[in-house]
Amino acid sequence: MATLFVYDEYGGRFVTADPALMGRCKSYGGTLWTDSRFLSACRRLCGRYDMVLKSSFHTLNEPFAPFSPCFAGLSGDFALLCPCKNICGVQNEIRRYCINHELFSYVEAQYQSPLWIRGEVSLGRSSLAVGYPVLFPGNMGVHVFVLQQGLNMLGFSCLMNGKLSGDTLPALSAFRLKYCLPQMEAVDGALWRALFAAIKKGGIPAP
């Protein structure tokens, strides 16, 4: 069974959640992470409508758009369990509900996802033109998991614990050196772009 690490930003801690907390979740695999607010939005949406979380929790080794909130476990595709004749009208009603009640910070338009509803949760200000936040040593959160997974995929070994500290810092420094990035404390937009570009190309493993 997969381990679902839930980051509670308000409590500043990680908890291991049972998959049942996702409500009616169709499937997922691997070692994953998300935020308690996304779980709460899922429960409220699936509790109000006859829906299932069809897809979420994509990992970096899957072909997906760079900087997707799916990598951080903050985006999900929801589908009606029992499609009806007026499915477009019902889906638009659900989209309005998600927006008006601020369940999600972003809800995809019907023309982009005509057969399902995609909702995303934002965890604060994002790095310019990237969509991922600037991180500093000591920060915790789902985006640190994404960073640590990317570093490990490229051969820069570090512990997957969701905290930007310990052996993640020297791994980050080695990545900067290998990819000719300036040595600095912050994980900024330039580093996110370099990380995702390296993963997409297959990466250059650390010596």
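Taking every protein chain into account, the 1.4 Å probe leaves LEU115 with about 120 Å² of accessible area, to the nearest ten.
Across the range 42-47, coupling constants 3J(HN,Hα) worked out from phi with the 6.51/-1.76/1.60 Karplus curve, θ = phi - 60°, read 4, 4, 5, 5, 6, x Hz, and Gly and Pro carry x. Taking all protein chains as shown and a probe of 1.4 angstrom, ARG48 keeps an accessible surface of around 140 Å². Seen from all directions on average, the range 63-207 presents a Cα convex hull projection of 10.0 nm². With K and R counted +1 and D and E -1, the other residues having a Cβ less than 15 Å from that of GLU185 yield a net charge of +1. What the Cβ-Cβ distance of ASN61 and SER157 gives, at R0 = 22 Å and to the nearest 0.05, is a FRET efficiency of 0.85. Sorted on the mean count of surrounding Cβ atoms within 10 Å across their residues, most packed first, peptides 137-146, 86-95 read 137-146, 86-95. Partner lysines whose Cα lies under 27 Å from the Cα of LYS163, excluding those fewer than 8 positions away in the same chain, are identified as LYS178, LYS200, LYS201. From the square roots a ≥ b ≥ c of the eigenvalues of the alpha-carbon gyration tensor of the range 40-92, which class results: rounded (a/c under 1.5), prolate (a/b over b/c), or oblate? It comes out prolate by the Cα gyration axes.
Just to make sure I understand: if all protein chains stay in place, what is the order of TYR49, TYR106 by accessible area at 1.4 Å, largest first?
Working: TYR49 35, TYR106 90 Å².
Order by accessible area, largest first: TYR106, TYR49.
Residue ranking by accessible heavy-atom surface, 1.4 Å probe, largest first, among ARG44, ARG118, ARG96 comes out as ARG96, ARG44, ARG118. Which residue fluctuates most in the GNM of the chain (Cα springs below 10 Å): SER55, SER105, SER122? Among SER55, SER105, SER122, the largest GNM mean-square fluctuation belongs to SER105.
If the chain between ASN92 and ASP18 were fully stretched, how many nm would it gain, using 0.36 nm times the residue separation less the Cα-Cα distance?
The span from ASN92 to ASP18 would gain 23.5 nm if fully extended.
Structure remark: mean-square fluctuation, Gaussian network model of the chain, C-alpha springs under 10 Å; the largest value among LEU81, LEU60, LEU103 belongs to LEU81. Projecting the Cα atoms of PHE38, TYR49, ALA72 onto the charge dipole of the range 26-117, computed from C-beta unit charges around the Cα centre, puts TYR49 farthest toward the positive end. For LYS178, the solvent-accessible surface with a 1.4 Å probe is about 90 Å², rounded to the nearest 10. In terms of Cα to Cα distance under 12 Å, which aspartates and glutamates are near enough to LYS54, apart from those fewer than 8 places away along the same chain? Answer for LYS54, where 12 Å is the Cα cut-off: ASP77, listed by chain and number.
Dividing the alpha-carbon radius of gyration of the range 154-197 by 2.2 N^0.38 Å (N being the number of residues), what value is obtained?
Values: Rg = 10.0 Å, N = 44, 2.2 N^0.38 = 9.3 Å.
With N residues counted in the range 154-197, Rg over 2.2 N^0.38 Å equals 1.07.
The values are calculated or read from the model by the stated rules, or taken from the named source; none is laboratory data. Just so it is clear, the model here is predicted, and its values are computed rather than measured. Please note: Cβ atoms are built from the backbone with ideal geometry, for glycine as well, and neighbour counts cover all protein chains shown. With ligands, DNA and RNA removed, areas are computed over all heavy atoms of the protein, side chains included. Shrake-Rupley method; radii C 1.70, N 1.55, O 1.52, S 1.80 Å.
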